[in-house]
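The values are calculated or read from the model by the stated rules, or taken from the named source; none is laboratory data. None of these values were measured; they are calculated from a predicted model. As a convention, Cβ positions derive from the backbone with ideal geometry for all residues, glycine included, and neighbour counts pool all protein chains shown.
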Amino acid sequence: MNELAVHPNIYATGRNNGLVTLLERVWLQEQEAGEGTIYVVSGFANYNGGIRFFPVFRRHVELGGKVVALFAGSAGQNLTSRQVVQGMLECGAEVSIVNRKRLMHVKSYGSRTRDGDMVVVSSGNFTGPGMAQNVEMSVLLDRPTSCGMGFSWDSLIDGLLTRSGQMHCPGLDDISSPAWGLLYDEERPTTVLDETDEVTLILILGHADTVRVNAGRKTAEAKGTQYFWLSRDCYDFFPALTIPNAKGEKRTYSCVVGMNFVDMGREEDVKVTFEAENNLDFRLGTGVLKYTKLTGIGDVAAISRIGESSYELRLYRQDTPIRDRLAKHAVNSVGNKGKRYGFVSNDEFQNLAGIHLGKL
């Protein structure tokens, strides 16, 4: 069945509500690991665009399949990052970088198996924003449709490789090759945050977020690490999550950010973790809140991004006017227990909450 989806959670003709879930259908539900070839073609790419699927790619290659990726690169523009290319190569993907004056602007994903080709044509790049909060439209064409129109991944990739301009194939054995010079560094310090990234996450807290906050010391409820569990749609809300897990079999990706816990007057470096092979949620380390009884079920946490790796967290209790105003913007569900989230611009949050965010 063909599907069309506009994310984030805007419109869908089928059961999949965005680019990520369409790709999950193609690469997980309708493709056996190790069979055939997975394709990724995108003009822009960064590390968080890939973290959902790096384990999928790695397993596919380990079992005998192929992953072919084609990205655009430029010495003067931030098109594709060194980190995402390294991540793809470490998964065993074959990566090519197109270098030309006119941008390679194709965004398409899919697979080829013995049953035929599937293709997703999308406005969404292989980036955190392209996978999450940018408004993007994606169309999935199933195998009968692709066959009926004569679509061929082999022919498309061959055309792109031979006619798109100068082509480079980076490798992990020589990171000084010309291909790596076309890629930007996501971990290079950035002092000015792009206006589109100046957003606040509005999160209605649940039991798992707050049970340790309200627990007594040395009680059963206090066991474990204190986190806030965030939506899977946070691929573009955090810096590159390039820190792999040091232990455990299930793969995770993490980064460290500076968090100002405004209600406590305390600033801490905290870890953000994406559980790529477990529940696919993001976890925000909030250990400083443990035992404080500062928040409970149904309260709102407002997490504002004020710099590339700098954030502020504010808590709003139930039955307060500000909490109720903010909660109206938590329009997306997380699970089935009433937990919700949403994003607003920092300017809108300041107006709603009557506060002034910090500036870097």
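Miscellaneous remarks
- Selection from segment 259-274 of residues that are among the acidic types (Asp, Glu) and either surrounded by 20 or more Cβ atoms within 10 Å (Cβ to Cβ) or over 23 Å from the mean Cα position of the chain (by Cα) (or both): Asp263, Glu267, Glu268
- Annotation: of all residues in segment 193-212 being of a type in the set (A, V, I, L, M, F, W, C) and in contact (Cβ under 8 Å) with a residue 60 or more places away in the chain, the one that is farthest from Asn134 (Cα to Cα) is Leu205.
- One residue from Leu160, Leu172, Leu182, Leu193 being over 25 Å from the mean Cα position of the chain (by Cα) and either modelled with pLDDT under 95 or aromatic (Phe, Trp, Tyr) (or both): Leu160
- Of all residues in segment 312-354, those satisfying the criterion of being in contact with a Phe, Trp or Tyr (Cβ under 7 Å, 6 or more places away or on another chain) and either within 19 Å of Asp263 (Cα to Cα) or crowded, with 19+ Cβ neighbours inside 10 Å (or both) are Leu313, Ile322, Arg323, Leu326, Ala330, Val334.
- Taking the numbered list (1) among the β-branched types (Val, Ile, Thr); (2) over 22 Å from the mean Cα position of the chain (by Cα); (3) under 18 Å from Leu23 (Cβ atoms) in turn, Val98 passes all entries but (3).
- Residues in segment 306-331 that are touching a residue at least 40 places away in the same chain (Cβ under 8 Å) and part of a helix (DSSP H, G or I): Leu326, Ala327.
- Criterion applied to Thr80, Thr37, Thr21 was being closer than 22 Å to Met118 by Cα and either buried (at least 22 other Cβ atoms within 10 Å of the Cβ) or touching a strand residue (DSSP E or B) at 6+ places or on another chain (Cβ under 7 Å) (or both), and the one residue passing it is Thr37.
- Members of segment 57-74 found to be surrounded by fewer than 21 Cβ atoms within 10 Å (Cβ to Cβ) and within 17 Å of the chain's Cα centre (by Cα), listed by number: none
- Counted residues, segment 98-117 - those being assigned to a strand (DSSP E or B), more than 13 Å from Val68 (Cβ to Cβ) and in contact with a strand residue (DSSP E or B) (Cβ under 6 Å, 6 or more places away or on another chain): 3
- Considering only residues in segment 284-298 that are crowded, with 22+ Cβ neighbours inside 10 Å and touching a strand residue (DSSP E or B) at 6+ places or on another chain (Cβ under 6 Å), the one that is farthest from Asn245 (Cα to Cα) turns out to be Thr295.
- Residue list for segment 226-273, filter: among the aliphatic types (A, V, I, L, M), free of Cβ contacts under 8 Å to residues at least 24 places away in the same chain and under 13 Å from Thr286 (Cα atoms): Val270
- Note on segment 118-216: enclosed helices (runs of 4 or more DSSP H) holding 2 or more residues that are within 29 Å of Thr242 (Cβ to Cβ) are 128-131, 153-163, 207-210.
- Residue among Gly171, Gly148, Gly159, Gly216 that alone is out of contact with any Gly (no Cβ under 7 Å at 6 or more places or on another chain), over 30 Å from Arg100 (Cα atoms) and not assigned by TED's automatic domain parsing to the domain that holds Val272: Gly148
- Taking the criterion of being buried (at least 17 other Cβ atoms within 10 Å of the Cβ) and farther than 11 Å from Ser138 by Cβ, the only residue of segment 1-18 that qualifies is Pro8.
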